[in-house]
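K.L.:
Below is the structure I would like to discuss, written out as structure tokens.
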Amino acid sequence: MTQRSAKLTLAALVLVCTLPVAASYFAYYVWQPQGQVNYGELIPPAPLPDAVFPGVAGQPPFGREAVDGRWTLVYAGSGACGADCERALYAVRQSRLAQGKEMTRVARLWLVTDDVDPPAALLGRHDGLRVARAGSPWLVRFPGAARGVHVFLVDPLGNVMMRFPVPTDIKGVIKDLERLLKYSGLGRG
């Protein structure tokens, strides 16, 4: 009787030890969840270079140190802001405002990619928006920026790390920012 009990104990022990391994292989190779948590597309982090660009519309020069310590939503596009540009700037503003008490950890930047000055009326609707005329050292860090087809997110360490499509789904950006601000201590005073 004791030999049979020992065999059952050994079989139970083998089953208990191999079941988690078998379940992990099944989950990884057979049942792969298709969902994605984030709305924005994660891109390989690209550190911003140390370059200073002239401010636009009377704003001071803009350098890399201006994004240090804060999450920064960046739109890069022509100063002749069309409908997509206006929607992107609106999405950036609303995404920041939706963060409530955490909105001080989020900055906004418009990198103007040409020699056209943005309309003063448009800038008046976006109080606190930094505007700078970007050069190629920065634009190469923002994939697709020259075409004005994305809103980007720069982390508090100065790395471009995420991009959102234009037209931008404001709710998707808000959720991504909420998640980042909740789980990251970066950018806290």
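The values are calculated or read from the model by the stated rules, or taken from the named source; none is laboratory data. Everything numeric here is computed off the predicted structure, so don't read it as measured data. Note that each Cβ is placed from the backbone with ideal geometry, even for glycine, and that neighbours are counted across all protein chains shown. All accessible areas refer to the heavy atoms of the entire protein, side chains included, with ligands and DNA or RNA removed. Shrake-Rupley method; radii C 1.70, N 1.55, O 1.52, S 1.80 Å.
K.L.:
Whenever you get a sec, line up Arg147, Arg87 from highest to lowest accessible area (probe 1.4 Å, protein heavy atoms).
P.N.:
Numbers: Arg147 170, Arg87 120 Å².
Heavy-atom accessible area, descending, gives Arg147, Arg87.
K.L.:
Let me ask something else. Tell me, what is the 1.4 Å probe accessible area of Ser5, in Å² to the nearest 10?
P.N.:
Accessible surface of Ser5 is approximately 60 Å².
K.L.:
In degrees, nearest 10, range 0 to 90: what is the angle between the Cα axis of helix 170-183 and the longest Cα principal axis of the chain?
P.N.:
Helix 170-183 sits at roughly 60 degrees to that axis.
K.L.:
Please list Tyr183, Tyr25, Tyr39 from largest to smallest accessible area, probe radius 1.4 Å, with all protein chains kept in place. Don't skip to the end; give the middle numbers.
P.N.:
Numbers: Tyr183 165, Tyr25 130, Tyr39 70 Å².
Putting Tyr183, Tyr25, Tyr39 in descending order of accessible area: Tyr183, Tyr25, Tyr39.
K.L.:
Charges on Cβ only, +1 for Lys and Arg, -1 for Asp and Glu, centred on the Cα centroid of the range 12-152; of Tyr28, Ser136, Ala46, which one is farthest towards the dipole's positive end?
P.N.:
Towards the positive end, the residue furthest out is Tyr28.
K.L.:
Follow-up question, since we're still on this one. Using a/c under 1.5 as the rounded threshold, could you call the range 96-164 rounded, prolate or oblate? The axes a ≥ b ≥ c are square roots of the C-alpha gyration tensor eigenvalues, and prolate needs a/b larger than b/c, oblate otherwise. All intermediate terms of the calculation are to be shown ahead of the outcome.
P.N.:
Numbers: a/c = 2.07, a/b = 1.11, b/c = 1.86.
It comes out oblate by the Cα gyration axes.
K.L.:
Could I ask something else about it? Compute the angle between helix 83-97 and the longest alpha-carbon principal axis of the chain, please, reported from 0 to 90 degrees and rounded to the nearest 10.
P.N.:
So the helix axis and the longest Cα principal axis differ by about 60 degrees.
K.L.:
For a quick check: with amide H placed at 1.01 Å from N, whose amide H comes under 5 Å from Val131's, ignoring anything fewer than 5 positions away on the same chain?
P.N.:
Val56, Trp110
K.L.:
Only four residue types carry charge here, +1 at the Cβ of Lys and Arg and -1 at the Cβ of Asp and Glu. Report the dipole size of the chain about the Cα centre in Debye, rounded to the nearest 20. Show your work: numbers first, answer last.
P.N.:
Numbers: 21 positive and 15 negative charges, 162 e Å.
Charge dipole of the chain: 780 debye, to the nearest 20.
K.L.:
What angle do you read, to the nearest 10 degrees and between 0 and 90, between the alpha-carbon axis of helix 2-29 and the longest principal axis of the chain?
P.N.:
20
K.L.:
As I understand it, the dipole of the chain uses +1 on the Cβ of Lys and Arg and -1 on the Cβ of Asp and Glu, about the Cα centre. Which of Thr9, Ile174, Gly185 lies farthest toward its positive end?
P.N.:
Thr9
K.L.:
Another question, if that's okay. Asp169: accessible area at probe 1.4 Å, nearest 10 Å²?
P.N.:
Taking all protein chains as shown, Asp169 has close to 80 Å².
K.L.:
Moving to a separate point now. Sticking with the crude label model, points 7 Å out along Cα→Cβ, report the distance from Trp31 to Asp68 in nm, one decimal please.
P.N.:
Result for the modelled spin labels: 4.9 nm.
K.L.:
Accessible surface of Thr18 in the full protein assembly, 1.4 angstrom probe, to the nearest 10 Å²?
P.N.:
Its accessible surface works out to 70 Å², give or take rounding.
K.L.:
What whole number of Å gives the distance from the Cα centroid of the range 75-110 to the Cα centroid of the range 153-177?
P.N.:
10
K.L.:
Still on this model: Please give the per residue accessible area of the chain, computed with a probe of 1.4 Å over protein heavy atoms only, in Å². Provide the component values of the computation, followed by the final result.
P.N.:
Values: 10830 Å² over 189 residues.
Averaged over the residues of the chain, the accessible area is 57 Å².
K.L.:
Which percent of Cα-Cα pairs in the chain sits in each 10 Å bin, short to long?
P.N.:
9, 32, 27, 9, 7, 7, 5, 3, 1, 0
K.L.:
Same structure again: If you take every DSSP beta bridge whose two residues both sit in the range 1-127, what share of them, in percent to the nearest 5, is antiparallel?
P.N.:
Here the antiparallel bridges make up roughly 10 percent for the range 1-127.
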